Amino acid sequence: MRTKELYRLGLSAALLSALVLDSGCWGRKFFRAPGETIETSTKVDSLLKENMVLQRRVYNLEKMLSSQQDYDRSVNAQTRLDLEELKDRLNALSQMLEESGAKPAAGPAAGRSRALPSAGAGALPDTLAGSGPAGAAGAGPGGRTGSVPVPSAEEIHRQTYLDFSRMEYQIALDESQAFLENYPDHPLGQEVRFVRGECYMELGKHFDALKEFSAVLQDYPRGKKVPPSLLRMAVCYDAIGDRGLSAGVVRRLVREYPASEEAAVAKERFADLLE
């Protein structure tokens, strides 16, 4: 009986030892499993976030690329339109020169060049040489005598505004100078003087701009360009740092043209000067 009990105890001890030895590796794995699961979950979350960031960057890049392609197509289309318009103008000018008996200048850019009129010479920009009411064989009304007819005042005025709208400010100044030399007393003179002032403002030449706007006030005191000229004079004086003169011009504009749009703009922009 005692032998059987000892045998059972030995067998139990052997089984217990085997279980302890066998569970050493698995036990460690069992207790380590929760930590590894948390670490894996953290890595997965990190990868998901990184994936979202990359997807967002890809989306933004694709959107930028699409916008750039649309812009390129728009620019190319506008460039083609401008080229076609230039070709039409070159052809028209060549025909006008041939009809006037003048020989067109050679070269693809001849029709685009616009020389600055020399002092006292009465030279016109090449693009303005053409037929018109003032372009008879002799001198037209206000025009000059010469082999190349002088375009009408309306034609020069229209071309000046066209080039100003295209931001070709120096070319517009050259053309408007031809207008002033050939049609000094024309009613469109206030329009031409005004656009010359705006060209000088865009070029940062505020003193020259002030001269043009002052000429509008002096030569056309009741003209429709007086209020906008006063507003731009205030802007020019402010730009060159003379806020005293700027304030005086603003007060005159508000006093003499209180219901004008320019007066409303001046009140808002120069509110500190009116206090």
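The values are calculated or read from the model by the stated rules, or taken from the named source; none is laboratory data. In this text the structure is predicted, and so the values were computed from the model without any measurement. Positions of Cβ are backbone-derived with ideal geometry, glycine not excepted, and every protein chain shown enters the neighbour counts.
Worth a mention:
Okay, residues lined up against (1) at pLDDT 95 or above; (2) outside the structural domain of A153 (by TED's automatic domain parsing); (3) surrounded by 15 or more Cβ atoms within 10 Å (Cβ to Cβ); (4) acidic (D, E):
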| site | (1), (2), (3), (4) |
| --- | --- |
| A172 | no, no, yes, no |
| H186 | no, no, yes, no |
| G189 | no, no, yes, no |
| G197 | yes, no, yes, no |
| D238 | no, yes, yes, yes |
| L245 | no, yes, yes, no |
| G248 | no, yes, yes, no |
| A259 | no, yes, no, no |
| A263 | no, yes, yes, no |
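- Extreme residue, nearest to S214 (Cα to Cα), among residues of region 243-270 that are assigned to a loop (DSSP other than H, G, I, E, B) and more than 30 Å from the chain's Cα centre (by Cα): Y257
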